[in-house]
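A.B. asks: Dropping a structure here in structure tokens format, bear with me for questions.
The values are calculated or read from the model by the stated rules, or taken from the named source; none is laboratory data. These numbers come from a predicted model, not from an experiment. We place every Cβ from the backbone using ideal geometry, glycine too, and count neighbours over all the protein chains shown.
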Amino acid sequence: MSVTDENAAPLFLLETFINSYASTDESVIDLHVIEALEATRRLFAAEAQGRTFQPRLGDERVSELFAGLCGASELLLGRAPDDIENRGMEPSESIRVDSLVRCLKQLEKSVKGWSEQGGRKGYLLYIRQLLPKVGA
């Protein structure tokens, strides 16, 4: 079974966040998404190995994407705070850190592939077509 098949719900949640953020800031490009996904993946991979990781994020858009991806990841891991604003986004069951890392790695691969095919916003345009309209 592929990462996509066994983790459809977590991938959907992460991509929904990415799409939502990119829809609010048209200057976001695939490179910002790749950098944020990589930093998030490295953070949780380090955690799984008992290490720490402090990302160096220069661009504000990457920092904001990273913060949101970390929040969504915590939610997926079942570690969301009790005062979460939108309980409707909370998954029915949590995933393990290694599954999260595989999801983030899969998304990085997807963004790179769609960016190569469609240019600087190839991935963002692709997911915008697939996901429900933001605010709809």
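A.B. asks: If I filter the range 93-115 for residues that are at pLDDT 95 or above, farther than 20 Å from Ala46 by Cβ, among the small types (Gly, Ala, Ser) and out of contact with any Gly (no Cβ under 7 Å at 6 or more places or on another chain), do I get at least one hit?
C.D. replies: yes
A.B. asks: Next question. Quick one: in the range 17-58, which of the residues that are touching a helix residue (DSSP H, G or I) at 6+ places or on another chain (Cβ under 8 Å), of a type in the set (Ser, Thr, Tyr) and in a helix (DSSP H, G or I) is nearest to Leu130 (Cα to Cα)?
C.D. replies: Kept after step one, since they are touching a helix residue (DSSP H, G or I) at 6+ places or on another chain (Cβ under 8 Å), are these residues of the range 17-58: 17-19, 21-23, 25, 27-41, 43-45, 47-48, 52-53, 55, 57.
Subsequent filtering for residues that are of a type in the set (Ser, Thr, Tyr) retains 21, 23, 27, 40, 52.
So of that shortlist, the ones also in a helix (DSSP H, G or I) come out as 21, 23, 40.
Values: Tyr21: 15, Ser23: 14, Thr40: 23 Å.
Step by step, filter the range 17-58, then rank; the result is Ser23.
A.B. asks: Test of understanding: among Arg51, Arg56, which residue is loosely packed, with under 15 Cβ neighbours inside 10 Å and at pLDDT 95 or above? Quick ask: steps written out before the conclusion?
C.D. replies: Values: Arg56 fails: at pLDDT 95 or above.
Being loosely packed, with under 15 Cβ neighbours inside 10 Å and at pLDDT 95 or above holds for just one of Arg51, Arg56, which is Arg51.
A.B. asks: Taking the range 6-38 as the region of interest, how many residues are of a type outside the set (D, E, K, R) and farther than 13 Å from Val111 by Cβ? Step through it out loud before you land on a result.
C.D. replies: Going residue by residue through the range 6-38, those that are of a type outside the set (D, E, K, R) are 7-14, 16-24, 27-29, 31-34, 36-37.
Next cut, farther than 13 Å from Val111 by Cβ only: 7-10, 12-13, 16-17, 20-21, 23-24, 27.
Selection size over the range 6-38: 13.
A.B. asks: Sticking with this structure for a sec: I'd like the full set of residues that are in contact (Cβ under 8 Å) with a residue 40 or more places away in the chain and exposed (fewer than 15 other Cβ atoms within 10 Å of the Cβ), limited to the range 26-48. Lay out the reasoning, then the answer.
C.D. replies: Here is the first cut: in the range 26-48, the residues in contact (Cβ under 8 Å) with a residue 40 or more places away in the chain are 28-31, 33-34, 37-38, 40-41, 44-45, 47-48.
Residue satisfying the conditions is Ala48 alone.
A.B. asks: I'd like the full set of residues that are surrounded by fewer than 17 Cβ atoms within 10 Å (Cβ to Cβ) and part of a loop (DSSP other than H, G, I, E, B), limited to the range 59-79.
C.D. replies: Residues satisfying the conditions are Asp59, Gly78, Arg79.
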